[in-house]
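Everything below concerns the one structure shown next.
Just so it is clear, none of the values below were taken in a lab; they were calculated from the coordinates. Just so we're clear, the structure is a prediction, and the values are computed from it rather than from any experiment. When we count neighbours, we look across all protein chains shown, and the Cβ atoms used for this are built from the backbone with ideal geometry, even at glycine.
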Amino acid sequence: MLEIPQLLIPGVKLQKLTRHINNKGREYEYSQYFIYIPRDFEAYVKDKEWLVTIIVDSKEFPIGIRTPSRHNNYYIITLPNDLEYYWERKLYQKVDVLLQRP
């Protein structure tokens, strides 16, 4: 298959997964932000490292190098929690994802 150096995935929803974990009698809440890779793009992005940039309202947020991981029947890209302020404001809204080969 042809090697694609750069890929733009438009209109992907930013989502959040919240888990409650019990550890030694204490309950902790763990949140992870992620985006699903649409099925049309899976063949191009799976099993490769990508330099990920999220574009929200014409602002670019460089995420870093990520490898899409499998979640049930889909591929996802996890996002860092230190940008939680921006993710919460755009939760379940559409963002653009720019993938570049490192």
Kindly establish whether Ser58 is surrounded by fewer than 13 Cβ atoms within 10 Å (Cβ to Cβ) and in contact with a helix residue (DSSP H, G or I) (Cβ under 8 Å, 6 or more places away or on another chain).
no
Taking only segment 9-31 into account, find how many residues are closer than 15 Å to Lys90 by Cα and among the charged types (D, E, K, R).
2
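For (1) touching a helix residue (DSSP H, G or I) at 6+ places or on another chain (Cβ under 8 Å); (2) among the hydrophobic types (A, V, I, L, M, F, W, C), each residue gets a yes or a no:
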site	(1), (2)
Leu7	yes, yes
Arg19	no, no
Ile54	no, yes
Thr78	no, no
Which numbered condition Tyr36 fails, given (1) touching a residue at least 60 places away in the same chain (Cβ under 8 Å); (2) of a type outside the set (D, E, K, R); (3) touching a Lys or Arg at 6+ places or on another chain (Cβ under 8 Å):
(1)
Please list, ordered by residue number, the strands (runs of 3 or more DSSP E) wholly in segment 1-86 having 2 or more residues that are polar (S, T, N, Q) and out of contact with any Ser or Thr (no Cβ under 7 Å at 6 or more places or on another chain).
6-23
